[in-house]
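Below is one structure, written out as structure tokens, with a few remarks after it.
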Amino acid sequence: MLVLGIETSCDETAVALYKGGTGLLGHEIYSQANLHSNFGGIVPELAARDHARKIVPVITATCDSAGVDLVQDVDAVAFTAGPGLMGALLVGATFGRTLAWSLDVPALAVHHMEGHLLVALMAAGEVNFPFLALLVSGGHTLLLKAKALGEYEVLGESLDDAVGEAFDKTAKLLGLGYPGGARLAELATKGVTGRFEFPVPMATKPNLDFSFSGLKTHAMLQVRALEAEDALDDQARADVALAFQQAAIRALLLKCRRAIRQTHLQQLVVAGGVGANLALREALLAMAEAEGCTLYYPPTDLCTDNGAMIAYAGWLRLRNGEQSQLSVKVRARWPMSELRAPPKLA
Ligand code: KG4
Ligand code: ZN
């Protein structure tokens, strides 16, 4: 079964083709980052309009580069139905549902975070449940027990900012523009360890929850103190970036280790945009090895939003007997605990 996946939940118009038994045939991502950077954040109305402008060219480019004939070859269409920006979601979901109808093929509404979670396992082939998952993106910080396809127990989550949001806000503070998570990570490579020590959030709390807004405030106070001393030079910025990143990573690592020890699960999946952070990967890899746990993560280009995660999650559900109705429903908020197993697995 060849599935066309469409992702438009935020500021990337992304499309992919996934074929069962063969794998990913191709994927294209059009980023609106330049459009929103002047505003210091995503403007929802502009995001929706730009998705409407780019969705056909991105689908065409994906099919052309993969040598796929949209009308002849595509067996199903999967699209993101939430969580995300309402207007942005509506463009991709309405387009995807209508395309499936006009091609007379099944359609499937996909949960964005389930897409992030499952694409980490795409390269590994079959998914072996149960496993632990750390989902770290611009909108979510979730520690999950994935019991089966569609059965997710939330073990911990951020009580305030998502970790990606904290990276972006700290990056903005350091003058790195928006979205700045990857740029902050780049700057941190030039930082000197130990010049600044940031407190590790929630380290002493016995649960599996996270909190990142205090870390962001700590960074702000540190930057202000440096500014007051007229000492906020390039090296100081890099040192703040590193101290922030190290504390954020430590917080994620501590809770993952605790979850491994509590659940005795031997597989940890890391996904979502912040999963592209190399220092985080290295730290988690060392921890997982020490705990006798296998770490799975997607290739870097499939950590941030992409169409492959929607095509693959859609394919997994479609082959287990799930299909969406003709009417399109999108959800800005959609807790993962509300997901259900597809019919053949229920
Ligand atoms: O998954 P994603 O593309 O979109 C959402 O679903 O939110 O995640 C985007 C987030 C942003 O906050 C971005 O700054 C962050 O992931 N991010 C990173 C890195 N690359 C992207 N954060 C830290 N280090 C990176 N290398
Ligand atoms: Zn995402």
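Return P(r) of the range 205-346 (all Cα-Cα pairs; 10 Å bins starting at 0; whole %; ordered from short to long distances). Final binned percentages: 9, 26, 31, 22, 9, 3, 0. Judged by the mean number of other Cβ atoms found within 10 Å, the most tightly packed of the peptides 169-175, 292-298 leads the ranking 169-175, 292-298. Remark on GLU157: its backbone amide H falls under 5 Å from those of LEU143, ASP209, PHE210, a criterion applied only to residues 5 or more positions apart or on other chains, H modelled at 1.01 Å from N.
With a simple spin-label model that places each label point 7 Å from the Cα along the Cα-to-Cβ direction, the separation between MET220 and MET1 comes to 4.7 nm.
Run lengths n ≥ 4 of DSSP H only: what is the helix-derived mean residue ellipticity at 222 nm for the chain, with -39500 (n - 2.57) per run over all residues, to the nearest 500? If you can, show how the numbers build up before the last one.
On the way: 11 runs with 148 residues, N = 346.
Calculated from helices alone, the mean residue ellipticity at 222 nm is -13500 deg cm²/dmol.
Distance between the pseudo-spin-label points of LEU285 and ALA148 (7 Å out from Cα toward the beta carbon): 3.4 nm. The gain in end-to-end length when the THR300 to SER327 segment is fully stretched comes to 6.3 nm, 0.36 nm per residue minus the alpha carbon separation.
Using a Gaussian network model of the chain in which every pair of alpha carbons under 10 angstrom is joined by a spring, one finds that among PHE39, PHE95, PHE129 the greatest mean-square fluctuation is at PHE39.
Ranking TRP315, TRP101, TRP334 by Cβ neighbours within 10 Å, fewest first, what do you get?
Values: TRP315 24, TRP101 12, TRP334 18.
Ordered by Cβ neighbours within 10 Å, fewest first: TRP101, TRP334, TRP315.
Partner lysines whose Cα lies under 23 Å from the Cα of LYS145, excluding those fewer than 8 positions away in the same chain, are identified as LYS205, LYS255, LYS344.
With each label modelled as a point 7 angstrom along the Cα→C-beta vector, the HIS264-ALA341 pair spans 2.2 nm.
The alpha carbon gyration tensor of the range 121-194 gives principal lengths a ≥ b ≥ c with a/c of 1.5 or higher and a/b greater than b/c, which makes the shape prolate. A straight line joining the Cα centroids of the range 178-199 and the range 50-82 runs 37 Å.
Our coupling estimate for the range 75-88, obtained by passing each phi through the Karplus curve with A = 6.51, B = -1.76, C = 1.60 and θ = phi - 60°, is 9, 6, 10, 10, 9, 6, 10, x, x, x, 7, 3, x, 5 Hz, Gly and Pro reported as x. Of the chain, which part is the longest with no GluC sites (Glu not before Pro) in a loop (DSSP not H, G, I, E, B) and with at most 16 other C-beta atoms within 10 angstrom? It works out to 1-125. By the count of other C-beta atoms within 10 Å, a proxy for reagent exposure, SER327, SER9, SER31, SER158 are ordered fewest to most as SER327, SER31, SER158, SER9.
Where a ≥ b ≥ c are the square roots of the eigenvalues of the C-alpha gyration tensor, would you call the range 6-134 rounded, which needs a/c under 1.5, or, failing that, prolate if a/b is larger than b/c, or oblate? Numbers along the way, then the final one.
Details: a/c = 1.71, a/b = 1.20, b/c = 1.43.
Taking the square roots of the gyration eigenvalues as a ≥ b ≥ c, the range 6-134 is oblate.
For ASP75 and ARG49, a Förster radius of 45 Å and the Cβ-Cβ distance give a FRET efficiency of 0.90, rounded to the nearest 0.05. In this calculation the C-beta distance from ASP230 to ALA124 is compared with R0 = 45 Å, giving a FRET efficiency of 0.30.
Using only alpha-carbon positions in the chain, the gyration tensor eigenvalues give semi-axes of 35, 24, 16 Å once each is multiplied by 5 and square-rooted (largest first).
Each Cα pair under 8 Å and six or more residues apart adds its separation to the average, and for the chain the resulting relative contact order is 25 percent. Dipole size of the range 105-213 about its Cα centre, with +1 on Lys/Arg Cβ and -1 on Asp/Glu Cβ: approximately 380 debye, rounded to the nearest 20.
Normalise the Cα radius of gyration of the range 90-240 by 2.2 N^0.38 Å (N = residues in it) and let me know the number. List each step's numbers first, then the result.
Details: Rg = 20.1 Å, N = 151, 2.2 N^0.38 = 14.8 Å.
With N residues counted in the range 90-240, Rg over 2.2 N^0.38 Å equals 1.36.
For the pair ASP64 and THR204 in one chain, pulling the backbone fully straight at 0.36 nm per residue adds 45.1 nm over the alpha carbon distance.
If the only charges are +1 at each Lys and Arg Cβ and -1 at each Asp and Glu Cβ, what is the size of the charge dipole of the chain around the Cα centre, to the nearest 20 debye?
Details: 29 positive and 36 negative charges, 156 e Å.
It works out to roughly 760 debye.
Just so you know, all these numbers are worked out from the coordinates, no wet-lab data involved. Source: prediction; values computed, not measured. FYI the Cβ positions are ideal-geometry reconstructions off the backbone, even for glycines, and counts take in every protein chain you see.
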